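*Asks:* A single structure is presented below for examination.
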Amino acid sequence: MNKLAAVPTLLWIGNHQVPAAQGETLPVIDPATEQVIAEVANAGSEDWLRALELADAVQYEWAGWAPRLRSEVLHEIFVEVMQRKDEFATVISTEMGKPYAEAFGEVAYGAEYFRWFAEEAVRIPGRIAKAPAGTGTILVDRTPVGPVLAITPWNFPLAMATRKIAPALAAGCPIIVKPAAETPLTMLLLGKVIAEVFGKYKVPSGVVSIITTLQAAAMSEQLLADSRLRKVTFTGSTAVGKQLVRQSADCLQRTSMELGGNAPCVIAADADLDLALGCALQAKMRNGGEACIAVNRFFVHEDISAEFIDRFTQAMAGYRIGHGLEPSTTLGPMITAVQRDRIAALVDNALTGGARATTGGIVPDRPGFFYPATVLVDVPNNAAILHEEIFGPVATVSTFTDLEDAVARANDTQFGLAAYGFSENVHCAQFLAENLRAGMIGINRGAISDPAAPFGGVKESGFGREGGTEGIEEYLNPRYIAWT
Ligand code: NAD
């Protein structure tokens, strides 16, 4: 039986499924087989303008709903997604490529944003104060920013979108979601869940729309030129993020930018090596390395580097490539041939410059966009792989003798999303925590994402935070009421 047969392929414009106005479709490809697995609607201008029109029309009605009721809607979406974990995980694994177990993990993680923000919807803060001059009262509350456009990447097809949808709804904003063209099915399936829950609670049609399209640039250009849109929230590459910020200037929409990373991991001489190795694998290989917080650069103290490289290489060599739905698979394909070739070019460039691969480094001769788990040592400082985001299962390992020098090298990047440090010495761990420059720091931890924590970067990794108590603020404007 075709496991994707029940997944919607049409747009969600409000609570209704519709084909693209122009009747066009776009193909969805299984990256493990290179086969087309579905055709979904390829929206055009008429479609996304209709979604914006609806969002604009319902925004005040939705904003006026009791927070407790919005909270219940969100909680019900959480419950429904969790009940369909298997269906979601199968779709994610098939269209994105990650092993089923990881896809299953993403569903729980992605759904959790609905539960977290269901709980935040009823805790939107305000404040009241006497004016210092005694001239009256200062009242501050929060109002929803208005219609939101969310543009999301393919690497976590569910979670990267739920991080945006859940806080927007909790805050009282309508939202138009544009998933990556490579992985539209997960979002269209979520659209079905949302439409069912919205139907039950009689949420007005237009609070959520899901627009799949190949014309991302045309869509963002047109919507950002429209003053009815009040916010764009983006997860993706730094180049596209910069373009969206430029486009938002004309109508001064609010922006949140979750962009690329180039995470370092500094492993001190006194680190617990067993712990550091386990975490290193987690932080490098989660999602096949196709993660913005994946470690790109390991810096390991010279005293322990030989053992680290040896054991890390053995573990990396043990990754088994295959289709995400095959139980033995521990490393799925890259998302596209372009991404796979980009990774291969970075590795080849480093090898040409004098680096050595202790494992991997060769594109397997088989269908699917596979790249093997790879460890590079002796990488020259000017190699592109140390400066660009790898976004694949390739780790570089460099050594150091002086911790301050290691931290300076770790910070020598225009990115600042995540950084990791390992030490059993409290002073050294504190030094790492305070001096690594990133929006998120893992100390003796390889997995740091948590819906209850603020996810986001500094420098060219962007701005704005998703999750935590901070996440909802991105969708709220403080309002000051001068009172007697
Ligand atoms: P991408 O920027 O090419 O695409 C991301 C999204 O933007 C997709 O939906 C795409 O269709 C859309 N898009 C592409 N061009 C556009 C344009 N001109 N105008 C408007 N939308 C456009 O990125 P990608 O390759 O799909 O995703 C990988 C990138 O995402 C990596 O750099 C990664 O670090 C980043 N990422 C960041 C985070 C984070 O939270 N900081 C999380 C996951 C991924």
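The values are calculated or read from the model by the stated rules, or taken from the named source; none is laboratory data. For clarity, every value in this text was computed on a predicted model and none was experimentally measured. Using ideal geometry, Cβ is built from the backbone for each residue, glycine included, and neighbour counts are taken over all protein chains shown. Side chains are part of the model used for accessible areas, which takes the heavy atoms of the whole protein and leaves out ligands, DNA and RNA. Shrake-Rupley method; radii C 1.70, N 1.55, O 1.52, S 1.80 Å.
*Asks:* Which far-off residues, 5 or more places away or on another chain, put their amide H under 5 Å from the one on SER256, with H placed in the peptide plane?
*Replies:* VAL232, THR233, PHE234
*Asks:* Heavy atoms only, probe 1.4 Å: what % of the accessible area of region 317-380 goes to carbon and sulfur, would you let me know?
*Replies:* Values: 1550 of 2870 Å².
Exposed carbon and sulfur together represent 54 percent of the surface.
*Asks:* Whenever you get a sec, line up ASP348, ASP303, ASP56 from highest to lowest accessible area (probe 1.4 Å, protein heavy atoms). Working shown, then result.
*Replies:* Working: ASP348 75, ASP303 120, ASP56 50 Å².
The most accessible residue leads, giving ASP303, ASP348, ASP56.
*Asks:* Okay, next question. Apply the Karplus curve 6.51 cos²θ - 1.76 cosθ + 1.60, θ = phi - 60°, to the phi angles in region 383-397 and return the couplings in whole Hz, x for Gly and Pro.
*Replies:* After applying 6.51 cos²θ - 1.76 cosθ + 1.60, I find 5, 4, 5, 7, 10, 9, 5, 7, 6, x, x, 10, 10, 9, 10 Hz.
*Asks:* As a quick test, which of the pairs LYS98/LYS192; LYS130/LYS231; LYS98/LYS242; LYS3/LYS192; LYS98/LYS164 have an alpha carbon distance above 26 angstrom in this structure? Walk me through the numbers before you get to the answer.
*Replies:* Values: LYS98/LYS192 23 Å; LYS130/LYS231 32 Å; LYS98/LYS242 28 Å; LYS3/LYS192 16 Å; LYS98/LYS164 22 Å.
In this structure, LYS130/LYS231; LYS98/LYS242 lie more than 26 Å apart at Cα.
*Asks:* Enumerate the whole-percent occupancy of each 10 Å bin, from 0 to the last occupied one, for all C-alpha pair distances of region 334-419.
*Replies:* 17, 46, 30, 7, 1
*Asks:* While we're here: Only Lys, Arg, Asp and Glu count, each charged at its Cβ (+1, +1, -1, -1), so figure out the dipole size of region 30-189 about its Cα centre, rounded to 20 debye.
*Replies:* Details: 14 positive and 21 negative charges, 204 e Å.
Dipole of region 30-189, to the nearest 20 debye: 980 debye.
*Asks:* How would you classify region 336-481 from its alpha-carbon gyration tensor, with a ≥ b ≥ c the square roots of the eigenvalues: rounded for a/c under 1.5, else prolate if a/b is greater than b/c, otherwise oblate?
*Replies:* Since a/c reaches 1.5 but b/c is at least a/b, the shape of region 336-481 is classed as oblate.
*Asks:* Mean residue ellipticity at 222 nm from the helices of the chain, using -39,500 (n - 2.57) per DSSP H segment of n ≥ 4 over the full residue count, to the nearest 500 deg cm²/dmol?
*Replies:* On the way: 13 runs with 183 residues, N = 484.
Counting only the DSSP helices, I get -12000 deg cm²/dmol.
*Asks:* Quick check: the angle from helix 159-171's long axis to the longest principal axis of the chain, C-alpha only, nearest 10 degrees?
*Replies:* With rounding to tens, the tilt is 30 degrees.
*Asks:* Angle check, please: helix 337-352 long axis (alpha carbons) against the longest principal axis of the chain (alpha carbons), in degrees 0 to 90, nearest 10.
*Replies:* 30
*Asks:* Okay, moving on. If you wrap a convex hull around the Cα atoms of region 51-110, how much volume per residue is inside, in Å³? Provide the component values of the computation, followed by the final result.
*Replies:* Working: hull volume 5.9 nm³, N = 60.
About 98 Å³ per residue, rounded to a whole number.
*Asks:* Take the Cα radius of gyration of region 1-122 and divide it by 2.2 N^0.38 Å, with N its residue count; two decimals is plenty. Present the calculation step by step, with values, prior to reporting the outcome.
*Replies:* Working: Rg = 17.1 Å, N = 122, 2.2 N^0.38 = 13.7 Å.
Computed over Cα atoms of region 1-122, the ratio equals 1.25.
*Asks:* Carbon and sulfur atoms: what percent of the 1.4 Å accessible area of region 1-60 do they account for? Display every interim value, and only then the final one.
*Replies:* Values: 1550 of 2970 Å².
Carbon with sulfur: 52 percent of the solvent-accessible area.
*Asks:* A follow-up question, please. Run the quick spin-label model on ALA6 and VAL458: label points 7 Å from Cα toward the beta carbon, then report their separation in nm to one decimal.
*Replies:* Those two pseudo-labels are separated by 4.7 nm.
*Asks:* Could you give the nm distance between label points at ASP402 and ALA131, where each point is 7 Å from its Cα heading toward the beta carbon?
*Replies:* 5.7
*Asks:* Please give the charge dipole size of the chain, origin at the Cα centre, charges +1 on K and R Cβ atoms and -1 on D and E Cβ atoms. Round to the nearest 20 debye. Walk me through the intermediate numbers first.
*Replies:* On the way: 39 positive and 54 negative charges, 284 e Å.
Dipole size: approximately 1360 debye.
*Asks:* I would also like to ask the following. Provide the FRET efficiency to the nearest 0.05 for the GLU61-VAL140 pair, computing r from the beta carbons and using R0 = 25 Å. Display every interim value, and only then the final one.
*Replies:* Values: r = 24 Å, r/R0 = 0.96.
Once rounded, the FRET efficiency stands at 0.55.
*Asks:* Scan around VAL266 for amide H atoms under 5 Å from its own, H built in the peptide plane at 1.01 Å from N, and keep only partners 5 or more places away or cross-chain.
*Replies:* Hits under the 5 Å cutoff: PHE299, TYR420, GLY421, PHE422.
*Asks:* Report the per residue volume, in Å³, of the convex hull enclosing the C-alpha atoms of the chain. Mind dumping the intermediate values first?
*Replies:* Working: hull volume 73.8 nm³, N = 484.
For the chain, the hull spanned by Cα atoms encloses 152 Å³ per residue.
*Asks:* I've got another one for you. What is the magnitude of the charge dipole of region 30-115 about its Cα centre, with +1 placed on the Cβ of each Lys and Arg, -1 on the Cβ of each Asp and Glu, and no other charges, expressed in debye to the nearest 20? Present the calculation step by step, with values, prior to reporting the outcome.
*Replies:* Values: 7 positive and 17 negative charges, 85 e Å.
It works out to roughly 400 debye.
*Asks:* A follow-up question, please. Could you give each residue of region 455-460 its phi-based ³J(HN,Hα) in whole Hz, using Karplus coefficients 6.51, -1.76, 1.60 with θ = phi - 60°, and x for Gly or Pro?
*Replies:* Values per residue, Gly and Pro as x: 9, x, x, 10, 6, 7 Hz.
*Asks:* Take the Cβ-Cβ distance between ASN411 and THR330 as r, set R0 to 22 Å, and report the resulting FRET efficiency rounded to the nearest 0.05.
*Replies:* Details: r = 32 Å, r/R0 = 1.45.
Computed FRET efficiency for ASN411 and THR330: 0.10.
*Asks:* Further, regarding this structure: Once you list every other residue whose beta carbon is under 10 Å from the beta carbon of GLY206, what net charge do they have if Lys and Arg are +1 and Asp and Glu are -1? Can you show the working numbers first?
*Replies:* Values: positive: ARG50; negative: GLU53, ASP56, GLU61.
With Lys, Arg at +1 and Asp, Glu at -1, the net is -2.
*Asks:* Any chance you could give the angle, 0 to 90 degrees and rounded to 10, that helix 302-317 forms with the longest Cα principal axis of the chain?
*Replies:* 70
*Asks:* Please turn the phi angles of region 419-434 into ³J(HN,Hα) values with the Karplus equation 6.51 cos²θ - 1.76 cosθ + 1.60 (θ = phi - 60°), one per residue in order, whole Hz, x for glycine and proline.
*Replies:* Rounded to whole hertz, the list is 8, 10, x, 10, 6, 9, 8, 4, 5, 5, 5, 5, 4, 5, 4, 8.
*Asks:* Once the Cα gyration tensor of region 110-164 is diagonalised, what are the square roots of 5 times its eigenvalues, in whole Å and ordered largest first, as equivalent ellipsoid semi-axes? Don't jump to the answer; show the numbers that get you there.
*Replies:* Numbers: eigenvalues 263, 36, 12 Å².
Ellipsoid half-lengths, sorted descending, are 36, 13, 8 Å.
*Asks:* Let me ask something else about it. Solvent-accessible area per residue for the chain at a 1.4 Å probe radius, Å²? Present the calculation step by step, with values, prior to reporting the outcome.
*Replies:* Numbers: 18630 Å² over 484 residues.
Counting only protein heavy atoms, the per-residue value for the chain is 38 Å².
*Asks:* Return the whole-Å distance between the Cα centroid of region 131-179 and the Cα centroid of region 5-30.
*Replies:* If we compute the Cα centre of each part, the gap is 26 Å.
*Asks:* Check THR25: other-chain or 5+ apart residues with amide H under 5 Å from its amide H, H built from backbone geometry?
*Replies:* It is ASN42, by chain and number.
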